[in-house]
Amino acid sequence: MAYQSLTFQGVTSAEQVNKITTALMVLEGVDSAEVGRYGAEIEGRAKREVLIKAVEKLNLGIKVS
């Protein structure tokens, strides 16, 4: 199984963490996602670009890398 990491800047609330978690978990190819204020560890076969785009689509005003 493949693992990927994302880094966040600007996540300030549990509500944002919950929204990011939900957005990642509904993606095809994501088996699990551990999300926190500073980043996420994702297990599965989803492509990195797809993961980043899903978080950016939430328009939370955060930086994802």
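Throughout, read-outs are computed from the coordinates displayed, never taken from laboratory work. Everything quoted here is computed from the prediction, not taken from an experiment. Counting neighbours? That spans all protein chains shown, and the Cβs are built from the backbone with ideal geometry, glycine included.
This table checks each residue for (1) of a type in the set (Asp, Glu); (2) free of Cβ contacts under 8 Å to residues at least 60 places away in the same chain; (3) in contact with a Leu (Cβ under 9 Å, 6 or more places away or on another chain).
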| residue | (1), (2), (3) |
| --- | --- |
| Ile20 | no, yes, yes |
| Val26 | no, yes, no |
| Val30 | no, yes, yes |
| Gly36 | no, yes, no |
| Glu43 | yes, yes, no |
| Glu56 | yes, yes, no |
| Ser65 | no, yes, yes |
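For the list (1) of a type in the set (Val, Ile, Thr); (2) within 18 Å of Ala2 (Cβ to Cβ); (3) touching a helix residue (DSSP H, G or I) at 6+ places or on another chain (Cβ under 9 Å), I need the number of the one condition that Ile20 fails.
Unmet condition: (2).
Take the stretch 15-36 and flag every residue that is surrounded by 15 or more Cβ atoms within 10 Å (Cβ to Cβ), outside any helix (DSSP H, G or I) and of a type outside the set (Gly, Ala, Ser).
Here is the first cut: in the stretch 15-36, the residues surrounded by 15 or more Cβ atoms within 10 Å (Cβ to Cβ) are 16-17, 19-21, 23-25, 27, 30, 33, 35.
Those left that are additionally outside any helix (DSSP H, G or I): 27, 30, 33, 35.
Within the stretch 15-36, Leu27, Val30, Val35 meet the criteria.
Please enumerate the residues belonging to the stretch 37-58 that are among the small types (Gly, Ala, Ser) and not in a helix (DSSP H, G or I). Give the steps one after another, and end with the answer.
Step one: list which residues in the stretch 37-58 are among the small types (Gly, Ala, Ser), which gives 39-40, 44, 46, 54.
Listed by number, the residues that qualify are Gly39, Ala40, Gly44, Ala46.
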